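First comes the structure, then the notes that go with it.
Where a number appears in this text, it was derived from the coordinates with a stated rule and is not lab data. This one's a predicted model, so the numbers in the text were calculated from it and none came from an experiment. Cβ placement follows ideal geometry from the backbone for every residue including glycine, while neighbour counts extend to all protein chains displayed.
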Amino acid sequence: MALQSPIPALRIDADRLMGRLMDLASISPIEGGGNSRLALTDDDAAGRDLVVGWMKDLNLDVIVDVVGNVVGTWNVGHGSPVMTGSHIDTVRTGGKYDGNLGVLAGLEVIQAVQESGHIPSRPISVAFFTNEEGARFAPDMFGSLVYVGGLSVEEALDTVGIDGARVADELERIGYNGATPCPGVSPSSFVELHIEQGPVLEQIGVSIGAVTGVQGISWQELTIEGQSNHAGTTPMSMRCDPAYVASSIAVFVRNLANRYGGNQVGTVGKIDLFPNLINVVPAKAVMTVDVRNTDESLLAQAESEIATFIAQIAEAEGVRISSRTLARFEPVEFDSELIDLVESLAKQHGHSVHRMPSGAGHDAQMLARVCPTSMIFVPSVNGISHNPAEHTSAQDIANGANILLHTILALAEKKDF
Ligand code: HGY
Ligand code: MN
Ligand code: MN
């Protein structure tokens, strides 16, 4: 029998949800209307404190685990909880909605159900996971990966960020070095509401994305060591120039992604030169390569081609290149029954709906390791994200939150997980 919401007429309080989104967005605002709350910074801590306060206002049982993941649970019914949530850390030039929407919509769902007087058959949890972005500490989906047992607590706590800070020290400094052990409680199911962060839904004029899975992700850091020298006196034939090599790798990655086509993407988002001066051939370059594909064999092939190019150009230019893997996650398929549920609820509510994979990484891809999981997407205006201009309309936000509401309510009545 297909899953159904027990109270289909219920709706979330859209104004209350928008109010909380704007309150959270008022913490560490940046020019252009976005946010900068890198994981485990004071700004992240301020956001955490605000959301934990809202969880406590709803009388949720709030736990903080050993890597700072926070889970608020409405302990009603029986059995393992239906869980929703996302993240509230942002990239340095983040928007208001990436991650924040999933956490605050989950909070709103619980409050709307509490106020309706309906008692779900299962507990309902809303979580925010530590360092989903991976921008300060790699890998991304860091906290949810530890939560599901995919990264050891010891390794996680010892992780050092791009600024030299250590995760354990930062957790302690901001007061989120919790006591609850990881791996955490496996929910009966997990569903995450998130902005699409891409152009697809807007371009096809569809309101809801029924997310089928997440593409594979490969992150590596390359350290390129050459010969620092004088920009004016050093003949071109004598140069071992890390900046030239880093730039060549960036061009190669771009051309490879265009050559593969399809879902292949490739990004060089970070190149640091040392000493980074106008009249010095650099001694060193440190750069990152992010390549992704929905097809694991193509992703592996891309990694192999890049490795071959790196070896060739290192030889030709006479530089030494070392590589460090920062993240490597294979593509994830979500649960077909949950995808069907999201799709049918969207149609029942009169929305157009489109099945699609996620180009961005999400905590849901980690929870999918331990329970049936899916995601709900809402459109991103102009497909913009990881940018202060990130925007999703209030109507799309309300649509997505109402589909999340009834997805959670239906899953809370499902006995045979
Ligand atoms: O990189 C990602 O896809 C995510 O935003 N962490
Ligand atoms: Mn996100
Ligand atoms: Mn993000």
Dimensionless Rg/Rh of segment 1-151 - Kirkwood Rh, Rg from C-alpha atoms: 0.98
Ordering of 4-10, 351-357 by packing [mean C-beta count within 10 Å, highest first]: 351-357, 4-10
At R0 = 35 Å, FRET efficiency that the Cβ-Cβ distance of VAL381 and PHE417 yields, to 0.05: 0.45
Rough spin-label spacing in nm, given labels placed 7 Å along Cα→Cβ, for SER26 and HIS78: 4.5
Paired Rg and Dmax values of segment 217-329, which use every Cα atom, in angstrom: 14.7, 48
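Applying 1/(1 + (r/R0)^6) with R0 = 56 Å to the Cβ-Cβ distance of ILE278 and MET18, what FRET efficiency is obtained, to the nearest 0.05?
Values: r = 48 Å, r/R0 = 0.85.
The pair ILE278/MET18 has a calculated efficiency of 0.70.
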Label-reachable residues, segment 349-388, where backbone N falls under 20 Å from a point 7 Å from LEU298's Cα toward its Cβ: 355-362
Charge dipole (segment 217-329, unit charges on Cβ, about Cα centre) - positive-most of ASN255, SER228, VAL245: SER228
Debye equation applied to the C-alpha atoms of segment 303-356, log10 I(q)/I(0) at 0.28 Å⁻¹: -1.08
Relative contact order (%) - criterion: Cα under 8 Å, at least six apart; region: segment 217-329: 44
Ranked packing of 283-292, 314-323, most packed first, by mean Cβ within 10 Å: 283-292, 314-323
C-alpha long axis of helix 336-348 to longest principal axis of the chain, angle in °: 60
Interatomic Cα distance distribution for segment 109-197, bins of 10 angstrom, percent: 13, 41, 27, 15, 3
q = 0.10 Å⁻¹, the chain: log10 I(q)/I(0) [Debye, one scatterer per Cα]: -0.68
Rounded Å value of the spacing that divides the Cα centres of segment 330-358 and segment 32-84: 26
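What is the projected area of the convex hull of the Cα atoms of segment 290-417, averaged over all directions, in nm²?
Working: hull surface 44.4 nm².
Seen from a random direction, the Cα hull of segment 290-417 projects 11.1 nm² on average.
Would you calculate a helix-derived [θ] at 222 nm for the chain, using -39,500 (n - 2.57) for each DSSP H run of n ≥ 4 and dividing by the full residue count, to the nearest 500?
Taking each H run of at least 4 residues, the total per residue is -11000 deg cm²/dmol.
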